[in-house]
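Engineer: Attaching a single structure in structure tokens format; questions to follow.
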Amino acid sequence: DTAVSQTPKYLVTQMGNDKSIKCEQNLGHDTMYWYKQDSKKFLKIMFSYNNKELIINETVPNRFSPKSPDKAHLNLHINSLELGDSAVYFCASSPLAGQGYNEQFFGPGTRLTVL
Amino acid sequence: RKEVEQDPGPFNVPEGATVAFNCTYSNSASQSFFWYRQDCRKEPKLLMSVYSSGNEDGRFTAQLNRASQYISLLIRDSKLSDSATYLCVVRGGATNKLIFGTGTLLAVQP
């Protein structure tokens with residue numbers, strides 16, 4: 001019944017490794033997002049996809065590469081992990097991209113710790 | 001200047017109290033406004049949208065002042081379960097993305 005799910009929930013890894021986070025939504029939404037929440041709890045958008053097409057790409061290092069195989073899935077691959085990548089990464093979805101009062105539904109988050 | 005600014009708190013209030021949170025935003029062209037709630041170590045969830053005429057949902061009242069670029073949230077008769085971080089959120093910018101404030105922490109005490 002989970003609307004937006006993410007795996008894994010926790011990820012602990014060494015600097016320099018490559019890791020992926022997966023997200024799936026079963027709400028039938030067209031638009032999906034990746035957000036990063038840092039240690040100061042500041043939540044900021046990284047990417048957004050609408051029907052598998054990238055529509056928002058904030059100033060994010062090239063080491064971060066999103067991929068949307070279909071509109072229900074949005075994965076995030078991170079290369080050469082750095083200490084500063086430690087954060088909680090939230091996936092979200094909404095019915096329509098960037099319109100009006102459409103609610104965004106968030107997944108439970110992936111807590112990434114880079115050692 | 002941050003795009004969305006909030007007092008981080010914490011606001012420590014007794015059960016039954018009325019508490020108000022304020023938020024200011026910098027982009028006058030912002031289109032939509034929201035309050036999200038985030039419990040500790042959980043995801044943000046929509047609490048309520050904020051409309052120009054102001055709106056109420058049970059114990060919660062939200063107000064928007066476009067001229068002053070100011071949003072408020074009033075919680076009446078606080079419950080222990082209201083303890084959370086309240087995020088002020090604005091939709092705007094070239095891509096109509098959601099821009100989050102850093103949140104105001106509310107702790108309701110028995």
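The values are calculated or read from the model by the stated rules, or taken from the named source; none is laboratory data. What you see is a predicted model, and the numbers here were worked out from it, not measured in a lab. For neighbour counting, all protein chains shown are included, and Cβ atoms are generated from backbone atoms with ideal geometry for every residue, glycine included.
Engineer: Considering B:89, B:108, B:50, B:19, which residue is surrounded by 20 or more Cβ atoms within 10 Å (Cβ to Cβ) and more than 10 Å from the chain's Cα centre (by Cα)? Full working, then the answer.
Structural biologist: Values: B:89 fails: more than 10 Å from the chain's Cα centre (by Cα); B:50 fails: more than 10 Å from the chain's Cα centre (by Cα); B:19 fails: surrounded by 20 or more Cβ atoms within 10 Å (Cβ to Cβ).
Only one candidate qualifies: B:108.
Engineer: Can you find, within the stretch A:76-87, the residue that is farthest from the other protein chains (Cβ to nearest Cβ) among those that are assigned to a strand (DSSP E or B) and surrounded by 19 or more Cβ atoms within 10 Å (Cβ to Cβ)?
Structural biologist: Going through the qualifying residues, I end up with A:78.
Engineer: While we're looking at this one, here's another question. Answer with yes or no whether residue B:52 is over 30 Å from residue A:47 (Cβ atoms) and within 12 Å of chain A (Cβ to nearest Cβ). Break it down into steps so the answer makes sense when it comes.
Structural biologist: On the way: over 30 Å from residue A:47 (Cβ atoms): yes; within 12 Å of chain A (Cβ to nearest Cβ): yes.
Yes; evaluated as a whole, the condition is true for this residue.
Engineer: OK, next. Do you know which residues across the stretch A:95-115 are modelled with pLDDT under 80 and either of a type in the set (Phe, Trp, Tyr) or within 30 Å of residue A:14 (Cβ to Cβ) (or both)? Let's see the steps before the verdict.
Structural biologist: Kept after step one, since they are modelled with pLDDT under 80, are these residues of the stretch A:95-115: A:96-101.
A:101, the sole residue that qualifies.
Engineer: A follow-up question, please. Could you tell me which residue of the stretch A:50-59 is modelled with the lowest pLDDT, considering only residues that are out of contact with any Asp or Glu (no Cβ under 9 Å at 6 or more places or on another chain) and either assigned to a strand (DSSP E or B) or among the hydroxyl-bearing types (Ser, Thr, Tyr) (or both)? Steps first, please.
Structural biologist: From the stretch A:50-59, those out of contact with any Asp or Glu (no Cβ under 9 Å at 6 or more places or on another chain) are A:53-59; that's our starting set.
The next check asks that each one be either assigned to a strand (DSSP E or B) or among the hydroxyl-bearing types (Ser, Thr, Tyr) (or both); those that pass are A:53-57, A:59.
Working: A:53: 90, A:54: 91, A:55: 89, A:56: 88, A:57: 89, A:59: 79.
Among those residues, the one meeting the criterion is A:59.
Engineer: Working only within the stretch A:28-43, note down all residues that are in contact with a strand residue (DSSP E or B) (Cβ under 6 Å, 6 or more places away or on another chain) and either aromatic (Phe, Trp, Tyr) or under 17 Å from residue A:6 (Cβ atoms) (or both).
Structural biologist: Filtering the stretch A:28-43 down to residues in contact with a strand residue (DSSP E or B) (Cβ under 6 Å, 6 or more places away or on another chain) leaves A:29-38, A:43.
A:29, A:31, A:32, A:33, A:34, A:35, A:36, A:37, A:43 - these are the residues of the stretch A:28-43 that are in contact with a strand residue (DSSP E or B) (Cβ under 6 Å, 6 or more places away or on another chain) and either aromatic (Phe, Trp, Tyr) or under 17 Å from residue A:6 (Cβ atoms) (or both).
Engineer: Among the residues that make up the stretch B:5-28, is at least one of them assigned to a loop (DSSP other than H, G, I, E, B), at positive phi, within 14 Å of another protein chain (Cβ to nearest Cβ) and touching a strand residue (DSSP E or B) at 6+ places or on another chain (Cβ under 9 Å)?
Structural biologist: yes
Engineer: While we're here: What number goes with the only condition from (1) more than 19 Å from residue B:100 (Cα to Cα); (2) assigned to a loop (DSSP other than H, G, I, E, B) that residue A:103 does not pass?
Structural biologist: Here residue A:103 meets the rest and fails (1).
Engineer: Then there is this: Looking at the stretch A:21-32, can you tell me whether even one residue there is in a strand (DSSP E or B) and under 16 Å from residue A:114 (Cβ atoms)?
Structural biologist: To start, the set of residues in the stretch A:21-32 that are in a strand (DSSP E or B) comprises A:21-25, A:31-32.
Narrowing the set further to residues that are under 16 Å from residue A:114 (Cβ atoms) leaves A:21.
For the stretch A:21-32, residues in a strand (DSSP E or B) and under 16 Å from residue A:114 (Cβ atoms): present.
Engineer: A follow-up question, please. Look through the stretch A:60-74, keep the residues that are within 24 Å of residue A:13 (Cα to Cα) and either surrounded by fewer than 18 Cβ atoms within 10 Å (Cβ to Cβ) or in contact with an Asp or Glu (Cβ under 7 Å, 6 or more places away or on another chain) (or both), and return whichever of them is farthest from the other protein chains (Cβ to nearest Cβ).
Structural biologist: A:63
Engineer: If I filter the stretch B:67-110 down to residues being in a loop (DSSP other than H, G, I, E, B), within 14 Å of another protein chain (Cβ to nearest Cβ) and of a type in the set (S, T, N, Q), which single residue comes out as nearest to residue B:45 (Cα to Cα)? If you could, list the steps in order and put the result at the bottom.
Structural biologist: First, the residues of the stretch B:67-110 that are in a loop (DSSP other than H, G, I, E, B): B:67-69, B:76-79, B:83, B:93-96, B:101-103, B:110.
Subset that is within 14 Å of another protein chain (Cβ to nearest Cβ): B:93-96, B:101-103.
Among the residues that remain, those that are also of a type in the set (S, T, N, Q) are: B:95-96, B:102.
Values: B:95: 22, B:96: 19, B:102: 15 Å.
Applying the filter and picking the extreme gives B:102.
To keep it simple, each residue is scored yes or no on (1) surrounded by 13 or more Cβ atoms within 10 Å (Cβ to Cβ); (2) within 11 Å of chain B (Cβ to nearest Cβ); (3) without any contact (Cβ under 8 Å) to a residue 40 or more places away in the chain.
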{"position": "A:16", "(1), (2), (3)": "no, no, no"}
{"position": "A:35", "(1), (2), (3)": "yes, yes, no"}
{"position": "A:40", "(1), (2), (3)": "no, yes, yes"}
{"position": "A:43", "(1), (2), (3)": "yes, yes, no"}
{"position": "A:55", "(1), (2), (3)": "yes, yes, no"}
{"position": "A:58", "(1), (2), (3)": "yes, yes, yes"}
